[in-house]
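Comments concern the structure below.
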Amino acid sequence: MPTLEFLRFINSYARLPDDFYDRPPPAPFPQPYRVAFNEKAAELIGLDPEEANRAEFVNAFTGQVPLPGMEPVSMVYAGHQFGVYVPRLGDGRAVILGEVEAPDGGRWELQLKGSGPTRFSRSADGRAVLRSTIREYLASEAMHGLGIPTTRALTILGSDMPVYREEVESAAILVRMARSHVRFGNFEYFAHSGQEQRLKELADYVISHHYPELAERDNPYLALLEAVVERTAGLIARWQAVGFAHGVMNTDNMSILGLTIDYGPYGFLDAYDPGHICNHSDPQGRYAFDQQPGIAWWNLACLAQALLPLIDANEEAARERATAVLDDFEVLFDRAWQERMGEKLGFLEVRDGDRELVSRLLALMAESSIDYTRFFRAVGRFHEPGWYGGIRWGFREPEAFDAWMGDYCDRLDQEDRPDEDRLAHMLSVNPKYILRNHLAQMVITQAEKDRDFSAVDGLRRMLERPFDEQPELEAYADLPPEWASEIKVSCSS
């Protein structure tokens, strides 16, 4: 496999006009060391994993000694943060190094997160801390293992340089990868600042590089909105089905490619609670678990507003056309969610009555605080001796669960499918292992206190195979310990 010297970088985003980015100078990152390295991500760009052991690797991916073709830029964008429009945000602690051509012929854009201040830092230090960097590294790979579109993580590089948050922490840089890091907020910035030509250049760039099939459509900008609506609807349905809460669904954290991006105060559900708030900085619950579909629509409406000048020169006509596209979101999301939930329950197809059956189950689970992941992993084994009694008594009203279970079995009888086939499929879509907060916290504590980073990649490797039985790691699928309820994650996480 290629060495570092054979990686060929090109930064297509840096070919856009200067209004699109800052070019920050390299910031010191003293005495860097490797914390974690993801061999699977390295394969995506054809990099030999042994290269991570070289000093040149650490120097290049801390921004100290760029590799040929690297051209670091920080994107400017705006965004609605907790519903309030902020006219200029931008990459305040990140730089895009450029894209690397992958063995499959595609390109992966590599970005350093935590690399130092930029013009968009707004008096902040431009750094990331080890704690939050480990959380994002693990989360992006856990989501990929679950089959959910996401940015990827190549490596974490650390330094003993102090960084001041609620307390003094050590610095870290995450090297993350995506086909593109453009988000809704990029479009909002140019639209709301009246830069219509720049808005068009951005849309043309995104279509040319990431949606080339739209270029020949009668209205490629309306088609772009349609594509993003469809991808986002599918993404949020997958989040809801697996029990994932993002925590900060601001428009500047929404990917134009429908990826999960910018992991901060995220969380996977333990006990099923539809109103679960994973972000300690969100006391009003704007981004609570059950609010995610509605917030996704709201964010898409912000993107549609930004695209109006490109969709039609007549504002009223543009608004009508964009509204018609937005109206499709609910249908697209609902269809995708029913398909995902049907798969979790072992259904071959969506049928009338499935929504009501799923809703009844979720209501029972919420009422009884049933662990979301463990229940769906177990429910497929209902035909096995001894299974039913063990799960039944977890419900406060066992008779209500009995009634649901009877209707569920009747629904399964409508499909000609052997129990063994159904169970095999259910086990392939209902994970045994998820990134519960206490698992992430344990490896963070080990890394911070003992300078032992081995558990970071150990946990990542387990999360790469969330559907597999891993007997030696059985304890990682247990219910969370009591102390887990005391973990607080916030916008600084």
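Where a number appears in this text, it was derived from the coordinates with a stated rule and is not lab data. This is a predicted model, so every value here is computed, not measured. Cβ: placed from backbone, ideal geometry, glycine included. Neighbour counts: every protein chain shown.
State, as an integer percentage, the relative contact order of segment 337-493 based on alpha-carbon contacts under 8 Å between residues 6 or more apart.
On the way: 118 pairs, mean separation 38.5, N = 157.
Reported as a whole number, the value is 25 percent.
Is the shape of the chain rounded, prolate or oblate, going by the alpha carbon gyration tensor and its root eigenvalues a ≥ b ≥ c, with a/c under 1.5 for rounded and a/b larger than b/c for prolate?
Working: a/c = 1.82, a/b = 1.27, b/c = 1.44.
Verdict is oblate for the chain.
Listed highest first by mean packing, meaning other Cβ atoms within 10 Å per residue, what order do 75-88, 409-422 come in? Walk me through the numbers before you get to the answer.
Working: 75-88: 17.6, 409-422: 12.1.
Result, highest mean Cβ count within 10 Å first: 75-88, 409-422.
Would you give the gap between the C-alpha center of segment 245-309 and the C-alpha center of segment 457-483, rounded to a whole Å?
Going from one Cα centre to the other spans 26 Å.
Where in segment 84-102 is the amide nitrogen less than 14 Å from a point lying 7 Å along the Cα-to-Cβ axis of ARG15?
98-101
Taking a label point 7 Å from the Cα of GLU367 along the Cα→Cβ vector, which residues of segment 384-426 have an amide N closer than 16 Å to it?
Within reach of a label on GLU367, which here means backbone N under 16 Å from a point 7 Å along Cα→Cβ, segment 384-426 contributes 392-408.
What ranking do MET161, MET177 get, fewest neighbouring Cβ atoms within 10 angstrom at the top? Could you put the intermediate results ahead of the total?
Values: MET161 15, MET177 22.
Ordered from fewest to most neighbouring Cβ atoms within 10 Å, MET161, MET177 come out as MET161, MET177.
If packing is taken as the mean number of other Cβ atoms within 10 Å per residue, what is the order of 287-300, 201-214, 241-254, highest first?
Details: 287-300: 19.4, 201-214: 17.1, 241-254: 24.0.
With the highest mean Cβ count within 10 Å placed first, the list reads 241-254, 287-300, 201-214.
What helices does the chain hold that run 27 Å or longer along their axis, going by alpha-carbon atoms, with a Kyte-Doolittle average of 1.0 or more, using DSSP H for the helix calls?
292-311
Per 0.36 nm of contour for each residue apart, how much would the distance between ARG122 and HIS192 grow if the chain were fully extended, relative to their Cα-Cα spacing? Before the final figure, lay out the partial values.
Values: separation 70, 0.36 × 70 = 25.20 nm, distance 1.96 nm.
Roughly 23.2 nm would be gained on extension.
Starting from the Cα of LYS449, step 7 Å along the direction of its Cβ; do the same at ASP402; then give the gap between the two resulting points in nm.
For LYS449 paired with ASP402, the spin-label model returns 4.8 nm.
When the chain is fully extended, how far beyond the present Cα-Cα distance does ASP104 get from THR323, taking 0.36 nm per residue of separation?
On the way: separation 219, 0.36 × 219 = 78.84 nm, distance 3.73 nm.
Additional length available on full extension: 75.1 nm.
What is segment 4-180 by shape, rounded, prolate or oblate, if you read a ≥ b ≥ c off the alpha carbon gyration tensor as root eigenvalues and call it rounded for a/c under 1.5, prolate for a/b larger than b/c, and oblate otherwise? Mind showing how you got there, number by number?
Working: a/c = 1.33, a/b = 1.17, b/c = 1.14.
Cα axes put segment 4-180 in the rounded bin.
Under 23 Å from the Cα of LYS40, which lysines turn up, not counting those fewer than eight places away in the same chain?
Cross-link targets: LYS113, LYS432.
Find the centroid of the Cα atoms in segment 171-242 and in segment 101-150, then give the distance between the two in whole Å.
Distance between centres, Cα-based: 18 Å.
Relative contact order for the chain: what is it in percent, counting Cα pairs under 8 Å that are at least 6 residues apart?
Working: 899 pairs, mean separation 72.3, N = 493.
Result for the chain is 15 percent.
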